[in-house]
Amino acid sequence: MTAIPLGVPRRLVEFTLDGQEARVPEGSTVLDACRAAGKDVPTLCQGDTLTPKNACRVCVVEVEGSRTLVPACSRRAEPGMEVRTDTERARHSRKVVLELLASSVDLSTTPGAAEWIRDYGAEPDRFGPGAARLDEVPRVDNDLYVRDYDKCILCYKCVDACGEQWQNSFAISVVGRGFDARIAVERDAPLTDSACVYCGNCVEVCPTGALSFKSEFDMRAAGTWDESAQTETTTVCAYCGVGCNLTLHVQDNEIVKVTSPHDNPVTHGNLCIKGRFGYQHVQNRG
Ligand code: SF4
Ligand code: SF4
Ligand code: FES
């Protein structure tokens, strides 16, 4: 008989979501409730394996009695709350946030961004062409992953994944202050001169493609990257006894990148360098 861990039972919290009764387990966020109810609230800096950073504010909703809009990704559902997700005020705020982000960074590889910009009627160009753009060239200083900070929204998810929340390497941090704040490794060095151990856990959580697999970066540059032509197969890493789950992304019979399921209770989407990047021998068919 297989034992299935059920976890500690949690009380249900009852509140109102867009006029409908909602019930979620205690500790759930408003965003959890929205997703369970099938409501499309946009998110960028929210990560399902990380504590909320509240950095982007595209997920804001109205809560009765709250003077300010509330980030759905970090606000816990409370009994009796009255939440409205689709008011004019919330929609207007999301629209302006999308305009500010899309006018200052390149969101072309951010999943969902183009649809949200269209759905919210956001006009990133209204601040003038290239307003506040970093216009940085991608940093290609190793064979495994690329840093393209022109796409970075400063959500700090990579800092958390590299630091105390997962990898404990602390290779990535923020340098500079205010408008000059940037994600970097120590002394803004090449990755190869840093404390990076190439686990790629930062790439796994980056919401914009600012951090990407070298394989994906090269294929995008060559115009051959095609997610619609890719299959995903989840298997077990054979390198060591930990037994991490690997999801192989395959295009034209070649592995183009490796991710890991976030709902795995042991690894939570994290891998080491071997599982994440060491797949070339599989393709050596000579
Ligand atoms: S590189 Fe990616 S994960 Fe890191 S702060 Fe920028 S957008 Fe966020
Ligand atoms: S990803 Fe790394 S830690 Fe996990 S099973 Fe593979 S070699 Fe072991
Ligand atoms: S997704 Fe909620 S603040 Fe960014």
So, first residue open to solvent by less than 50 Å² (accessible area, probe 1.4 Å) in segment 167-179, second residue of a type in the set (Val, Ile, Thr) and in a loop (DSSP other than H, G, I, E, B), Cβ within less than 9 Å, six or more apart or across chains; the pairs are Ser169/Val197; Ala171/Val197
Evaluate segment 96-118: report whether one residue or more is closer than 27 Å to Ser212 by Cα, under 21 Å from the mean Cα position of the chain (by Cα) and basic (Lys, Arg). yes
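Against the definition (buried (at least 19 other Cβ atoms within 10 Å of the Cβ) and over 23 Å from Gly209 (Cβ atoms)), how does Ala90 come out, yes or no? Working first, answer last.
Working: buried (at least 19 other Cβ atoms within 10 Å of the Cβ): yes; over 23 Å from Gly209 (Cβ atoms): yes.
Here the answer is yes, as Ala90 does meet what is asked.
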Which pairs do you get when a residue that is within 19 Å of Ile153 (Cα to Cα), found in segment 113-131, comes within reach of a residue that is among the hydroxyl-bearing types (Ser, Thr, Tyr) and in a helix (DSSP H, G or I), reach meaning Cβ atoms under 6 angstrom, with the pair 6+ apart or on two chains? Pro124/Ser103; Phe127/Ser103; Ala131/Ser103
Could you grab me the full set of residues in segment 263-280 that are open to solvent by less than 60 Å² (accessible area, probe 1.4 Å) and either within 16 Å of ligand 3 (Cβ to nearest atom) or without any contact (Cβ under 8 Å) to a residue 60 or more places away in the chain (or both)? Asn264, Thr267, Gly275, Gly278, Tyr279
Counting just the residues of segment 150-182 that are within 15 Å of the chain's Cα centre (by Cα) and more than 20 Å from Cys73 (Cβ to Cβ), which one comes out nearest to ligand 1 (Cβ to nearest atom)? Lys151
Anything in segment 73-99 that is within 15 Å of ligand 3 (Cβ to nearest atom), over 18 Å from Arg35 (Cβ atoms) and in contact with a Pro (Cβ under 8 Å, 6 or more places away or on another chain)? List them, or say none. Leu98
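Looking only at strands (runs of 3 or more DSSP E) that lie completely in segment 220-286, which have at least 1 residues being within 16 Å of ligand 1 (Cβ to nearest atom)?
Numbers: elements: 231-236, 245-251, 254-259.
Hits in segment 220-286: 254-259.
Of all residues being of a type in the set (S, T, N, Q) and exposed (fewer than 12 other Cβ atoms within 10 Å of the Cβ) in segment 222-241, which is farthest from the chain's Cα centre (by Cα)? Just the residue, please. Can you show your working first?
From segment 222-241, those of a type in the set (S, T, N, Q) are 224, 228, 230-231, 233-235; that's our starting set.
Of the ones still in play, those that are also exposed (fewer than 12 other Cβ atoms within 10 Å of the Cβ) are 228, 231, 233, 235.
Details: Ser228: 20, Thr231: 21, Thr233: 21, Thr235: 22 Å.
In this case the residue turns out to be Thr235.
Conditions (1) open to solvent by 70 Å² or more (accessible area, probe 1.4 Å); (2) more than 10 Å from ligand 2 (Cβ to nearest atom); (3) under 17 Å from Asp143 (Cα atoms), marked per residue:
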| position | (1), (2), (3) |
| --- | --- |
| Tyr198 | no, yes, yes |
| Val203 | no, yes, yes |
| Gly243 | no, no, no |
| His249 | no, yes, no |
| Ser260 | no, no, no |
| Val282 | yes, yes, no |
| Arg285 | yes, yes, no |
State which residue is farthest from Thr109 (Cα to Cα) when the search covers only segment 180-196 and only residues that are open to solvent by 20 Å² or more (accessible area, probe 1.4 Å) and in contact (Cβ under 8 Å) with a residue 24 or more places away in the chain. Ala195
Name the strands (runs of 3 or more DSSP E) wholly inside segment 70-182 in which the number of residues that are modelled with pLDDT of 95 or more and within 26 Å of Leu50 (Cβ to Cβ) is 2 or more. 145-147
Any idea how many residues of segment 125-158 are open to solvent by 30 Å² or more (accessible area, probe 1.4 Å) and either farther than 19 Å from Glu204 by Cβ or among the polar types (S, T, N, Q) (or both)? 13
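The values are calculated or read from the model by the stated rules, or taken from the named source; none is laboratory data. Every value quoted in this text rests on a predicted model; they were computed, and no experiment measured them. Don't worry about glycine lacking a Cβ; one is built from the backbone with ideal geometry, like all the others, and counts go over all protein chains shown. In case anyone asks, the SASA skips ligands and DNA or RNA and just uses the protein heavy atoms, side chains included. Shrake-Rupley method; radii C 1.70, N 1.55, O 1.52, S 1.80 Å.
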